[in-house]
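Reviewing the structure listed below.
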Amino acid sequence: VVCGVVRGVQGAGVRGGVAATRGGGRAGENGGREAGAAAGGAVTELQREATTAVAAQELALSSARAASEEAAVAMTQRDDARREADAARANEAALCAKVVELEACAQAASRECEAARRQFREVHEESRLLRRQNDDLVLRLVDDKQRLVTEMNAMNDMIAKLTRENKRLTQDDDRTRHNNRDRSSSFPGSSQRPRGNGGSTRRSAAGSVLVIDEDYASSGGEGASSEKWSVVGAYSMADVTLRSATCVAEADINDLVFCDDDAVLTASADGVVRRLRASDEHDVRHKTSSDTNNGTPLPALSAIDASESGVAVAAAADRSLRLFDARTARVKARAENAHGGKILATVLTPKLAASGSVDRTVKIWDLSLVLTSCLRAPSACHCLSDSGAECLDSGHRDGVVRAWDLRGRANPVSEIAGDSPVLGLARRRWESHLVVALRRDATVHVYDDRTRGRVALLRQPESFQVPHSAHTLRPALAQDGRHVAVPSATGDALIFDVSTSLCDAVLSAPTTTSGASGPASSRSSTPAPLTAVDFSAAASRCLLATADKRGTLAFWE
């Protein structure tokens, strides 16, 4: 269009010029030039406007293309949103269905739980009735056995009386015949007092003869004397015999433990560990510090324990621990200031050692006496017992027996509550599920550590007492898992039968001052309280060791 206009204008100018020329003259020619110039300016303006229009058209086209693209993107987003909404509605429907299913499951579980509670209540009531019946049966059985034991004791007393009467008559008859023979012969007569055949004798290291006899004891030789040791009220253990009794220290024996089949280690208040055998009473001394100790008294020993590997650990009053060889007395390791208070108990296993203190902690040590863990309890620890499989039992002042798992647990795995402080724990050495707890109220409890329930409450005689000043006492459980030995304040060792809960025997200490082996100043006319008893781990025989507050060690077999 522009080009056509330009051509028209140019043609008009040419024609004007031709006309002006034809008009003849210079004025026409000038007018043609002016008209051509005006037409040229109009053409230029028209070209500029056309260029502007083309640019505007291209801009409009670009805007239209951008708007089209934005519309396409918006449509795509709308489709995506629609699909997401559909998926959300589908998920919502699935979740609603799942909620309905879970509600149904919860209702079913609630019904099952209620049924289980009812069944548990029924079983608990049935168990309570059965327990009551069992307790009644046990009490009836115990009463029957007690009655039978009383009758058997009466029969035994009658038999013993008849036996003594028969023996006396026989001796009188023998003496009469002997006197008659003396009168009929020319030799001077002599009578000899017969000795009882029911006793068992053994000469101690000092030359005294220690006799278990119903009637009397006599011995010959210069400087020899006798002591009467008796088995009182023996039911099933009437064959207990005393092998030896020796005063081994001027000070109290606070603890003892068998380190061999017939050898024991004693921890005394004079700070010395002694190793003695029931056969030869060989003495090996181990001091808790250097031999001289700078001239000061050695700290008293409060507890001791030994393992089957021949290693022993002792605790002293200065809150230190010593690990040593039980055979050579060579110290292997020391731990100074092991606790913040007095150490009352130690226990040793083939892999570790443990100590309990009044500072309410039970500390676990390796065999170099390097501390590996510290177990905290709400009450002072009086005694320890190895329950095997890296587990430990501890008895506390609050009357609780706590079981610890030593494999990284800081809290007890179970607890057995009681009304009186626990003074001693015992179990069969190195393997047993029974644990014996001796309490301050003079009761002896037997627990099963598999169920943590009480198996038996041992019925002690009325004369049984616990020393009031004792913080810890060592009872013992025999290797047969049936007999329990308990020390008493009267100087007697009580032997209980777990199966009947009755006292089978009372091993009474001598009360005379003559014939005692060891330091004479440590003997008295009254028996000293026992502090510890222990059974040997030998399978071929039952050997019991007892120690008292005057330093006397006795072996019973």
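Shape analysis of region 402-471 based on the Cα gyration tensor places the equivalent ellipsoid semi-axes at 24, 14, 11 Å, largest first. Neighbours of residue 381, meaning other residues whose beta-carbon lies under 11 angstrom from its beta-carbon, give a summed charge of +3 when Lys and Arg score +1 and Asp and Glu score -1.
The string of couplings for region 129-136 from the Karplus curve (6.51, -1.76, 1.60, θ = phi - 60°) is 5, 5, 5, 5, 5, 5, 4, 4 Hz, one whole number per residue in order, with x for Gly and Pro. Rolling a 1.4 Å probe across all protein chains gives residue 101 an accessible area of roughly 100 Å². The HN-Hα couplings worked out from phi for region 58-64 by the Karplus form 6.51 cos²θ - 1.76 cosθ + 1.60 (θ = phi - 60°) are 5, 4, 5, 5, 5, 5, 5 Hz, whole numbers, x standing for Gly and Pro. Distances between placed amide hydrogens fall under 5 Å for residue 373 paired with 364, all partners being 5 or more residues away or on another chain.
Ranked by solvent-accessible area (1.4 Å probe, protein heavy atoms only, all chains present), the residues 302, 279 order from largest to smallest as 279, 302. Model label points for residue 143 and residue 337, set 7 angstrom from Cα along the Cα-to-Cβ axis, are 6.2 nm apart. Distant-in-sequence amide contacts of residue 320, defined by a placed amide H-H separation under 5 Å and a gap of 5 or more residues or a different chain, comprise 337, 338. In the complete set of protein chains, residue-level accessible area for residue 3 is approximately 80 Å², probe 1.4 angstrom. Rg/Rh for region 124-163 (Cα atoms only, Rh after Kirkwood) is 1.41. Remark: spin-label model distance residue 309-residue 163 equals 4.9 nm, labels positioned 7 Å along the Cα→Cβ axis. Restriction of the trypsin sites (Lys or Arg not before Pro) in region 350-433 to DSSP coil positions whose beta-carbon has at most 16 other beta-carbons within 10 angstrom yields 351, 407, 409. Counting heavy atoms of the protein chains alone, residue 443 has an accessible area of about 30 Å² for a 1.4 Å probe. The residues neighbouring residue 55, those whose beta-carbon lies less than 13 Å from its own, together hold a net charge of -1 under the Lys/Arg +1, Asp/Glu -1 convention. For region 104-120, the Karplus equation 6.51 cos²θ - 1.76 cosθ + 1.60, evaluated at θ = phi - 60°, returns couplings of 5, 5, 4, 5, 5, 5, 4, 5, 5, 5, 5, 5, 5, 4, 4, 5, 5 Hz by residue, with Gly and Pro reported as x. Remark: accessible surface ordering of 125, 34 (largest first) is 34, 125, probe radius 1.4 Å.
Taking the empirical scaling 2.2 N^0.38 Å for compact globular proteins as reference, region 299-440 has a Cα radius of gyration ratio of 0.96.
Around the amide H of residue 326, modelled in the peptide plane, lie the amide H atoms of 311, 312, all under 5 Å away and 5 or more residues distant in sequence or on another chain.
The values are calculated or read from the model by the stated rules, or taken from the named source; none is laboratory data. Predicted model only: the values in this text are computed from it and were never measured. Ideal geometry is used to build each Cβ from the backbone, glycine not excepted, and the neighbour counts take in all protein chains shown. Areas reflect the complete protein model, heavy atoms only, side chains present, ligands, DNA and RNA absent. Shrake-Rupley method; radii C 1.70, N 1.55, O 1.52, S 1.80 Å.
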